[in-house]
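Here's the structure, in structure tokens; my notes come after.
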Amino acid sequence: MTELILSGACGQMGRAVAALAAAREDCQVAAGIDRRHFPGAPFPIFPSPEQYDGPNGVLVDFSHPDLCQGLLALARERRLPAVICTTGLREEQIGAIHEAASEIPIFFSANMSLGVNLLRELCKRAAQVLGGEYDIEIIERHHNQKLDAPSGTALMLADALAGELSPAPQYVYDRHSRRMKRPKNEIGIHSVRGGTIVGEHEVLFCGEDEVITLSHSASSKRVFAAGALRAAIFLQDRAPGLYDMGDLV
Ligand SMILES: NC(=O)C1=CN([C@@H]2O[C@H](COP(=O)(O)OP(=O)(O)OC[C@H]3O[C@@H](n4cnc5c(N)ncnc54)[C@H](OP(=O)(O)O)[C@@H]3O)[C@@H](O)[C@H]2O)C=CC1
Ligand SMILES: O=C(O)C1=N[C@H](C(=O)O)C[C@H](O)C1
């Protein structure tokens, strides 16, 4: 049985993870961390990592970048494996995750669906074949409650593409104030926010007289919750290090 400490327990993803864990026999939420409370939560909820006084377990984080430092400190102090799914992290926070991974096992991915991991591999292959000649644009669409833009997944896909391109591309998020033609070594990244869209990512390779589109669409948050539980079970007996979806498939 894998015991979980759920950070962001009362948020949209936290509730999806708790519901899925409750229906399984191989894991359970032992405690949560959140500044909110949800009525009738079947586990204790602590308001911050600093005030956490619950049992040990695998930390699963779907919360907010502001909690990153406190969660890493808690995980290091108690030697807890950590699955970090929060997006919108700053560069220094990502650096701190890499540093902590020398002491504890950390699973870090901006997208917990297996499908997006495959999309990333397909993008790399397409960039090898088409990069340099085709213009690459990424379009992501999410619900109107999302705080960060562009999505962590869009940035992850852009980084995967950039790894295959030379010279290194510039990321362009906004063209409204520019009056110039698009240079070749650019990846345009565009964010749409509306309604209850769960999460959609499209990568366009635009050439002369043709466009190749690779895309992924999530139809419910359950797909991310399922990936997070899989990652937590995978991580619980691992050696310190940094893991991602590539290690699961
Ligand atoms: N890797 C992946 O596959 C996925 C990642 N995500 C990411 O997970 C994160 C959470 O998403 P989602 O569940 O939709 O967001 P929500 O805003 O619904 O949930 C976040 C929860 O954390 C709480 N919280 C925020 N700041 C603090 C704080 N300083 N101290 C204590 N609690 C806090 C929120 O409280 P309050 O409401 O009061 O702010 C809320 O209850 C986002 O970064 C999102 O991008 C989401 C889906 C998939
Ligand atoms: O906030 C969300 O909802 C999601 N966030 C992740 C991201 O920023 O890429 C993953 C998923 O698309 C849903």
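Just so you know, all these numbers are worked out from the coordinates, no wet-lab data involved. This structure is a prediction, so every number in the text was calculated from the model and none was measured. Backbone-built Cβ (ideal geometry, glycine too); neighbour counts: all protein chains shown.
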*Excluding same-chain residues fewer than 8 positions from Lys184, which lysines have a Cα within less than 30 Å of its Cα?*
Lys124
_Dipole axis of the stretch 114-218 (+1 Lys, Arg; -1 Asp, Glu on Cβ), positive-most option in Leu147, Tyr171, Pro183_ = Leu147
*MRE, 222 nm, helices only [DSSP H, n ≥ 4, -39500 (n - 2.57), over the chain, to nearest 500]*: -9500 deg cm²/dmol
*Beyond 22 Å, what share of the Cα-Cα pairs of the chain remains, rounded to the nearest whole percent?*
56 percent
*Compute the signed sum of charges (Lys and Arg +1, Asp and Glu -1) over the other residues within less than 10 Å, Cβ to Cβ, of Gly199.*
+1
*How about the stretch 135-214: which GluC sites (Glu not before Pro) there lie in a loop by DSSP and see at most 15 other Cβ atoms within 10 Å?*
Glu208
*What helices in the chain pass both tests, a Cα length along the helix axis of 18 Å or more and a mean Kyte hydropathy of 0.0 or higher, using whole DSSP H runs?*
114-130, 222-235
*Hand me the trypsin sites (Lys or Arg not before Pro) from the stretch 164-249 located in a DSSP loop with no more than 10 other Cβ atoms within 10 Å, in residue order please.*
Arg178, Arg179, Lys181
*Rounded, prolate or oblate: which fits the stretch 1-80 when a ≥ b ≥ c are the square roots of the eigenvalues of the alpha-carbon gyration tensor, with rounded for a/c under 1.5 and prolate only if a/b beats b/c?*
oblate
*Please state, rounded to one decimal and in Å, the Kirkwood hydrodynamic radius that the stretch 94-133 gives when every pair of distinct Cα atoms enters the mean of 1/r.*
12.4 Å
*Low-density loop cleavage sites - GluC sites (Glu not before Pro) in the stretch 32-119, where at most 15 other Cβ are within 10 Å (DSSP)*: Glu50, Glu103
*Given H placed on each backbone N at 1.01 Å, which residues far from Ser109 in sequence or on other chains put an amide H within less than 5 Å of it?*
Ile84
*asked:* If the only charges are +1 at each Lys and Arg Cβ and -1 at each Asp and Glu Cβ, what is the size of the charge dipole of the chain around the Cα centre, to the nearest 20 debye?
replied: 540 debye
*Report the label-to-label distance for Arg178 and Glu25 in nanometres (one decimal), using points 7 Å from each Cα along the Cα→Cβ vector.*
5.6 nm
